[in-house]
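In what follows, a single structure is set out as structure tokens and then discussed.
The values are calculated or read from the model by the stated rules, or taken from the named source; none is laboratory data. Since the structure is predicted, the reported quantities are computational estimates derived from the model, not experimental observations. Every residue, glycine as well, gets a Cβ built from its backbone with ideal geometry; the counts of neighbours run over all protein chains shown. Quick note on the areas: whole protein, heavy atoms, side chains included, nothing else; ligands and nucleic acids left out. Shrake-Rupley method; radii C 1.70, N 1.55, O 1.52, S 1.80 Å.
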Amino acid sequence: MFTLGIDVGSTTSKCIILKDGKTLVAKSLVVAGTGTHGPESAFNEVLEKAKIHYEDIAYTVVTGYGRQTYKKANENKSELSCHAKGVAATTPDARTIIDIGGQDAKVIYLDDKGMINNFIMNDKCAAGTGRFLDVMSSILHVDIKDFGDYAIKSEVPSKISSTCTVFAESEVISQLSKGVEIDDLIAGICQSVATRTATLAKRGRIKSKIYMSGGVALNQGVRKALGSELKEEVYYVENAQYMGAWGAAVIAYEKISQWCWLI
Ligand code: ADP
């Protein structure tokens, strides 16, 4: 049985098709989020890759920032539920999930069965999210994909003291004009996101192992800085950016299996 999970994010649309709630059949990612062609393009692409039609999908769950307005799914579920479900299904030893996406950051504390114990979110301020990194990437003309490679080369990360994205932007431009090395600037930017996230995470009870999910997990500069802040290794979930969509596909499978059982 095939189920489809769709994550209509603030910057990126992701789809996952699973067979029997476990085996990955196909995935798609389009860098265009809610309110754009992104969700439709990701939807068409994943069906094409899986070589199946929408009629072959037993149930579809949508999650993400744009989930309320997406019409093609059977139901929508919160990002917290889907991320937790996706990580617990793929990474059973995860007890703390740090999910940083394009618009928010969440820390989810799991119990030993992979159920949500508690969570803490920052969805009010761009600093400490992918948005902060994306703004800096465009100022520096460095692709966000390369941020991690630059950051880990730095021996002396520069200090970004502004707590607001707009002021931090001016600070980075000023440091750039003073000739600060690009590696050090990017490491400082990653450090700034890590410091904010660690402060958020420490408000709850962190248990090992800690895993990062969401698009910012791909940035090894943030991962490394977060590990130093939390004084323990921060691991990377495979398919990190797809965890919301993955969890949505698992939830879709659980829903349909429950109905089959009732019949
Ligand atoms: P959303 O679901 O809100 O769209 P995502 O979880 O998809 O968010 O994460 C998007 C963020 O991930 C972007 O803002 C960007 O900073 C970061 N990102 C995306 N791709 C990469 C990459 N290849 N390397 C590093 N960071 C990335």
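Per-structure values
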{"read-out": "In region 96-118, the residues that are in contact with a Phe, Trp or Tyr (Cβ under 7 Å, 6 or more places away or on another chain), open to solvent by 30 Å² or more (accessible area, probe 1.4 Å) and away from the ligand (no atom under 13 Å from the Cβ)", "value": "117, 118"}
{"read-out": "Residue within region 63-71 that is more than 19 Å from residue 29 (Cβ to Cβ), in contact with a Lys or Arg (Cβ under 8 Å, 6 or more places away or on another chain) and surrounded by 21 or more Cβ atoms within 10 Å (Cβ to Cβ) present", "value": "no"}
{"read-out": "Identity of the residue in region 211-262, among the basic types (Lys, Arg) and either within 11 Å of the ligand (Cβ to nearest atom) or outside the structural domain of residue 129 (by TED's automatic domain parsing) (or both), that ends up nearest to residue 62 (Cα to Cα)", "value": "255"}
{"read-out": "In region 66-95, residue nearest to residue 136 (Cα to Cα) [restricted to those that are of a type in the set (A, V, I, L, M) and within 15 Å of the ligand (Cβ to nearest atom)]", "value": "80"}
{"read-out": "Qualifying residue in region 32-40 (condition: touching a Ser or Thr at 6+ places or on another chain (Cβ under 9 Å), open to solvent by 20 Å² or more (accessible area, probe 1.4 Å) and of a type in the set (Val, Ile, Thr))", "value": "yes"}
{"read-out": "Residue within region 15-28 that is open to solvent by 60 Å² or more (accessible area, probe 1.4 Å) and within 13 Å of the ligand (Cβ to nearest atom) present", "value": "yes"}
{"read-out": "Sole residue being of a type in the set (D, E, K, R), touching a residue at least 12 places away in the same chain (Cβ under 8 Å) and open to solvent by 30 Å² or more (accessible area, probe 1.4 Å), chosen from 79, 55", "value": "79"}
{"read-out": "Listing of helices (runs of 4 or more DSSP H) fully contained in region 154-263 that carry 2 or more residues being of a type outside the set (D, E, K, R) and within 29 Å of residue 76 (Cα to Cα)", "value": "182-201, 243-262"}
{"read-out": "Residues that are over 14 Å from residue 107 (Cβ atoms), open to solvent by 40 Å² or more (accessible area, probe 1.4 Å), free of Cβ contacts under 8 Å to residues at least 40 places away in the same chain and among the charged types (D, E, K, R), drawn from region 180-224", "value": "181"}
